[in-house]
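Everything below concerns the one structure shown next.
The values are calculated or read from the model by the stated rules, or taken from the named source; none is laboratory data. Just so we're clear, the structure is a prediction, and the values are computed from it rather than from any experiment. Here Cβ is always computed from backbone atoms with ideal geometry, including for glycine, and neighbour counts include all displayed protein chains.
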């Protein structure tokens with residue numbers, strides 16, 4: 001008898017186990033990976049399924065048929081159970097169909113949040129109401145049951161339970177975020193969805209298979225083909241319904257051999273989206289005309305047309321077209337550089353020009369010179385802007401062409417709100433489409449001037465020439481000078497006081513140069529002018545050499561600097577996170593920060609919602625941030641991303657132009673379960 | 001001559017191999033529904049063509065499948081059949097299970113099931129060789145199709161938006177079939193024309 005008792009005791013489950021349910025073709029059990037619970041340390045619970053050979057249970061997306069298991073947890077009020085963390089499934093062919101599921105013994109783990117203060121609690125009762133469907137190729141049997149487990153609370157180091165190896169196996173098959181070096185894009189046409197993964201250094205592990213979270217994404221049973229491309233591979237998967245609407249983003253997991261990665265890639269492609277991007281780019285180009293850096297140039301060129309005789313119309317048209325060609329050619333050159341550098345594997349985004357303080361200094365000098373020309377201090381270069389001259393004197397076709405080039409150069413610092421999206425899209429596209437988007441942008445920029453030269457009605461509505469033109473011309477110098485102030489401020493963020501000093505010296509020398517060239521002509525003055533110009537260039541050159549390395553970004557103020565590791569850590573802790581991708585030279589970003597993100601109301605709401613603020617400052621080149629931007633299908637700032645802290649939620653991407661109301665509404669929808 | 005035969009045989013083999021490995025290719029919603037010719041439980045040959053001018057619903061069926069059980073034991077399927085057939089709709093229940101597999105039944109057993117469940121289909125089609133199922137790309141039981149009076153497929157997919165075997169989910173589920181039929185009746189294009197079907201795999 002005593003022996004029987006002993007035997008029964010031995011068979012009694014130790015901590016971490018409770019009676020399993022033996023259902024037809026599957027055993028189901030509630031397990032924990034440790035034998036006890038330690039206050040303040042998260043524990044892992046899991047539902048163990050052990051189907052008979054030839055039978056399977058399902059993944060979160062069951063595929064063509066079947067049903068995912070569901071688990072409803074009951075735990076004491078101060079504890080909370082997270083969502084099931086599904087290990088990577090296998091694809092199970094069923095005749096002409098395919099299912100996603102688990103054929104062997106599997107644990108579906110879920111995290112148990114354990115508060116530090118569990119005073120007076122000796123044990124934690126967990127119950128799970130589980131529903132499942134177990135199938136083989138022939139039949140399916142639904143099951144349901146309530147499982148219980150009592151875990152003792154113990155301040156000591158918990159011991160691994162008998163189920164720990166199963167948890168270990170589930171962890172090994174748990175999809176992880178893709179390595180930070182990868183960029184993942186998705187394109188789709190009528191019939192095929194393609195995932196493009198780049199940045200893989202190791203040889204491709206096979207098989208490569210994509211498992212979507214949604215049921216209406218791909219044809220589950222269809223063959224997925226892998227094609228090696230430069231620096232990665234492309235996975236082509238037939239779409240679920242060729243005629244169905246294109247999903248906004250592709251979410252699921254990608255398994256490569258034994259590893260699997262969570263994928264969330266925004267979809268580009270399809271003629272509709274391409275057209276949208278082209279339209280957006282054109283609108284962005286139009287808008288650029290109104291930016292303080294471009295408007296003065298364009299306004300003056302338009303005045304050049306005032307009062308043209310009928311005979312001059314043809315010439316005006318030719319002039320307009322040449323100007324447009326100048327804009328197009330400059331954009332093509334820029335696109336060519338971008339595509340070439342990207343093909344070389346360097347991640348590069350829109351706005352890259354402004355990440356170099358030397359480029360910023362050169363632009364500041366250019367704007368300063370243009371302002372001097374408008375104020376009448378110098379005449380050199382003025383003709384490009386059409387200052388004071390009639391068309392015929394404006395340097396002919398060559399002049400018109402370089403006006404276009406100038407317009408493009410001065411437009412680059414002003415990234416219009418629309419441009420981020422369109423250009424981000426363009427840069428992950430095949431070269432012809434990228435070129436198309438940049439061409440649309442150029443066309444938008446050139447359009448108003450060309451329209452004026454082609455439609456006499458517009459020109460005839462312009463006021464008669466007179467003294468006011470001279471006044472306005474001088475007035476327009478000031479937006480340009482404002483741009484100089486802004487560029488200098490940008491450079492101060494990048495290189496600190498010595499860079500500012502270098503730029504101011506450059507401007508001083510340019511002023512001197514303008515004065516000398518206007519005051520004296522020929523002879524020795526040319527020599528002096530050349531000397532001053534060289535000194536000005538040298539001043540810019542010092543930026544490359546003397547640069548304050550320790551520029552402290554305005555971190556503090558509740559914002560943490562961005563790093564992939566830090567973001568991953570926060571997300572693992574299930575904290576809501578707001579990431580602000582910004583740069584000092586991005587005007588939209590600065591406006592959003594001043595008018596929305598730093599207002600007391602928004603800051604208070606952020607604190608109330610327990611949101612961690614992370615700032616990804618892209619003022620200087622940062623490959624980590626560039627890659628993060630690319631993961632959201634962007635190639636420029638601003639980008640605002642709000643993570644709810646729940647793993648099952650996709651991050652919310654806020655619009656590029658923020659309002660306080662919008663941000664507050666988003667925060668209210670967070671429904672945060674504040675971390676203990 | 002021999003060469004030609006070999007070529008022909010190779011081509012045939014290739015076609016057969018392709019057919020064997022290919023996934024079910026579903027007809028597109030908005031296209032004419034594939035015609036068929038198959039015996040019903042009364043021994044009568046049924047074709048889609050004979051119902052020209054009427055609206056037709058196809059229901060893929062397997063009485064052993066827990067998803068089908070959910071809709072018949074809750075009375076959901078019968079209510080839908082009753083509602084639509086009394087409105088003049090032709091309701092065809094199709095059984096594509098191969099002989100020996102789950103859901104395969106004799107004509108008498110199929111009729112007995114209809115009587116027992118108080119179901120009211122216009123006819124039950126015995127598609128043991130799976131020809132109709134494959135023509136429609138039927139994946140699951142249930143898998144539902146709605147065809148308009150011109151013979152055009154206007155809906156293909158799930159019966160409703162609650163993919164489960166739980167009878168409690170019938171209440172409050174949105175019936176895609178009913179919604180498609182209502183749109184059709186109102187002369188509007190079907191708003192939700194295709195969804196991913198759910199259920200057991202069809203036992204071809």
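Observations
- So residue A:137, is it farther than 24 Å from residue A:630 by Cα and modelled with pLDDT under 90: yes
Yes/no matrix, rows are residues, columns are (1) buried (at least 21 other Cβ atoms within 10 Å of the Cβ); (2) over 26 Å from residue A:471 (Cα atoms); (3) modelled with pLDDT under 80:
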site: A:324; (1), (2), (3): yes, yes, no
site: A:340; (1), (2), (3): no, yes, yes
site: A:358; (1), (2), (3): no, yes, no
site: A:390; (1), (2), (3): no, no, yes
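- Residues located in region A:63-85, provided they are under 19 Å from residue A:260 (Cα atoms) and free of Cβ contacts under 8 Å to residues at least 60 places away in the same chain: A:84
- Filtering region B:101-131 to residues that are touching a helix residue (DSSP H, G or I) at 6+ places or on another chain (Cβ under 7 Å) and in a helix (DSSP H, G or I) leaves only B:117.
Table: residues versus (1) buried (at least 20 other Cβ atoms within 10 Å of the Cβ); (2) in a loop (DSSP other than H, G, I, E, B).
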{"site": "A:19", "(1), (2)": "no, yes"}
{"site": "A:54", "(1), (2)": "no, yes"}
{"site": "A:61", "(1), (2)": "yes, no"}
{"site": "A:65", "(1), (2)": "yes, yes"}
{"site": "A:71", "(1), (2)": "no, no"}
{"site": "A:77", "(1), (2)": "no, yes"}
{"site": "A:86", "(1), (2)": "yes, yes"}
{"site": "A:93", "(1), (2)": "no, no"}
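- Residue satisfying condition, being touching a helix residue (DSSP H, G or I) at 6+ places or on another chain (Cβ under 8 Å) and over 30 Å from residue A:213 (Cα atoms), within set A:654, A:629, A:667, A:597: A:597
- Residue count for region B:49-65 under the criterion of being within 16 Å of residue B:185 (Cα to Cα) and within 11 Å of the chain's Cα centre (by Cα): the result is 2.
- Of all positions in region A:109-117, none carries a residue that is touching a strand residue (DSSP E or B) at 6+ places or on another chain (Cβ under 8 Å), more than 30 Å from residue A:157 (Cβ to Cβ) and buried (at least 23 other Cβ atoms within 10 Å of the Cβ).
- Within region B:138-162, the residues that satisfy the criterion of being more than 12 Å from chain A (Cβ to nearest Cβ) and in a loop (DSSP other than H, G, I, E, B) are B:148, B:149, B:150, B:151, B:159.
- Top-ranked residue of region B:163-189 - restricted to ones that are surrounded by fewer than 18 Cβ atoms within 10 Å (Cβ to Cβ), within 12 Å of chain A (Cβ to nearest Cβ) and in contact with a helix residue (DSSP H, G or I) (Cβ under 8 Å, 6 or more places away or on another chain), ranked as farthest from residue A:141 (Cα to Cα): B:169
- Across region B:106-129, not a single residue is classified as crowded, with 17+ Cβ neighbours inside 10 Å and within 14 Å of chain A (Cβ to nearest Cβ).
- Of the set (1) touching a residue at least 40 places away in the same chain (Cβ under 8 Å); (2) surrounded by fewer than 16 Cβ atoms within 10 Å (Cβ to Cβ); (3) away from every other protein chain (no Cβ under 13 Å), all apply to residue A:27 but (1).
- Tally, over region A:118-169, of residues that are within 30 Å of residue A:61 (Cβ to Cβ) and assigned to a strand (DSSP E or B): 20
- Of all residues making up region B:81-99, the number that are under 23 Å from residue B:131 (Cβ atoms) and in contact with a strand residue (DSSP E or B) (Cβ under 7 Å, 6 or more places away or on another chain): 7
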